[in-house]
Amino acid sequence: MSNSLSLPGSQLPPTDSNSLEEREQYLRFYLEPDTNALLPILQLAEVLNVPIAQIVPIAHMPAWVMGVYNWRGEILWMVDLGHLVGLTPCYQQAINTSTYTTIILDVTSKYANSTKVKSQMLGVIVNRIEDIEWCNSNQIQSPPSSTITPDLLPFLRGYWLKSDDDMLAVLDGKAVIAAMPKPEL
């Protein structure tokens, strides 16, 4: 059984001079080594602890695909997010735990030439959940070229410089889901 943390959907942002309409909630999390990142709350379904033994490995997949997990009766692909973006893979970390901290991405896409909407879900394993941040989307900026690794670039919306000079990588959940291998027909 997994422990679950529901994401608050109705927290009010701190009051300041910024317009409330420009601010978005982001989930802040940590990836080894020394990377704090954000994902938009609107692209997330849940945060939970997944028992390592319940992830079923699948052969012939990229190394960053951990396998599949039964989440609420659905088969959910599980991905080592740090490994995917070029950081330290889970298997190289000194982790002494029986569970993985997992963010369930849930992005919807509208089919071209149609009114149908498709929801795509993916479990991404991270080192730890930090906090929920309110960020003005206009303050997300292009990262300094010296800080970008080629593996991270396709998933990066930009960086947000927090008031305490903490630079946070802002990732795009749609880009993470798009990286999943497509089955051959």
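Nothing in this text is a laboratory measurement; each read-out follows from the coordinates by a stated rule. Computed from a prediction, not measured in an experiment: that's the story for all the values here. Methodologically, a virtual Cβ is constructed for each residue, glycine included, from the backbone with ideal geometry; neighbour enumeration extends over all protein chains shown.
Structure values in brief
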| quantity | calculated |
| --- | --- |
| Sum of side-chain charges, residue 36 neighbourhood, beta-carbon under 11 Å (Lys, Arg +1; Asp, Glu -1) | -2 |
| Cα-Cα P(r), segment 37-177, percent of pairs per 10 Å interval | 10, 38, 35, 15, 1 |
| Net charge, residue 92 excluded, C-beta distance under 13 Å - Lys, Arg +1, Asp, Glu -1 | -2 |
| Residues 118, 174 arranged by fewest to most Cβ contacts within 10 Å | 118, 174 |
| Taking 90, 135 and counting other C-beta atoms within 10 Å, the order from fewest to most | 90, 135 |
| Relative contact order %, segment 23-177, counting alpha carbon pairs below 8 Å whose residues are six or more apart | 29 percent |
| Inter-label distance, nm, simple model (7 Å from Cα along the C-beta direction), residue 142/residue 179 | 2.2 nm |
| Derived scalar couplings ³J(HN,Hα) [segment 122-135; Karplus, 6.51 cos²θ - 1.76 cosθ + 1.60; whole Hz; x for Gly, Pro] | 7, x, 10, 8, 10, 6, 6, 8, 9, 5, 10, 10, 9, 10 |
| Size of charge dipole - segment 23-177 - debye, nearest 20, with Cβ of Lys, Arg +1 and Asp, Glu -1, no other charges | 640 debye |
